[in-house]
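These notes concern the structure reproduced below.
The values are calculated or read from the model by the stated rules, or taken from the named source; none is laboratory data. This is a predicted model, so every value here is computed, not measured. Quick reminder, even Gly has a Cβ in these numbers, built from the backbone with ideal geometry, and neighbours come from all protein chains shown.
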Amino acid sequence: MKNITFILIALFSTLVMSGQSIFERYANSDDVSLVSISPKMFKMLGQMSINFDDPEAKEYMEMVSSINNFKVLISGNIEVSDEMLKWVKQQISLEDLEELMTVKDQEADVSFYVKSGKSDDHVEKLLMFVTEHSGGKNNLEINGRNIEAVLLLLEGDIDLNKISKLTDQMNLPGGKQLKKAQQKKAL
């Protein structure tokens, strides 16, 4: 009886862990930095009464109001980075994401995956995964914190023409590559 109970507990634990997203799994971990903006917050931002005399502010608010989900996971831990990569591969398969672009340079590999949207320059889902590969010497930093990997997930009606501005403003790696990815998607 004890063996059956133990097996059931182990099976249930495995199912719960596999059902969690990578963001939920590491939400309270000291090995990661997490930014998660809920759909409700985006809705509130979109409903704010802001004077739109500034065309750039108006464009920014339109972009933000079209996003339903925004999550970023940053880690300097190689084991967490490996888990992030496994999750990305799983999402590519489960969500039928297409590779938009991969950029490899001296500092990092940056890969973009998308789920097509209503037009060529709009996507429903954007997944960006950045891995540092300097042989153990962390040279990528965000706010002074060394990083091994960055995972960005955006969901909504995402305009690739505008979204690179958001990643630039948040000082996330991959903003320049995202601009290139948008240009490639438009071709």
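Just a few scattered comments:
- Flag for His122 being in contact with a Leu (Cβ under 9 Å, 6 or more places away or on another chain) and either modelled with pLDDT of 60 or more or basic (Lys, Arg) (or both): yes
- Pairs meeting the criteria (first residue in region 89-108 and closer than 21 Å to Ser21 by Cβ, second residue assigned to a loop (DSSP other than H, G, I, E, B), beta carbons under 8 Å, at least 6 apart or on different chains) are Gln91/Leu97.
- Test: Val103 is among the hydrophobic types (A, V, I, L, M, F, W, C), closer than 30 Å to Met61 by Cβ and modelled with pLDDT under 90: yes
- Condition met for Ser111 (at pLDDT 90 or above and crowded, with 21+ Cβ neighbours inside 10 Å): yes
- Top-ranked residue of region 57-88 - restricted to ones that are surrounded by fewer than 19 Cβ atoms within 10 Å (Cβ to Cβ) and of a type in the set (Lys, Arg), ranked as farthest from Ser21 (Cα to Cα): Lys58
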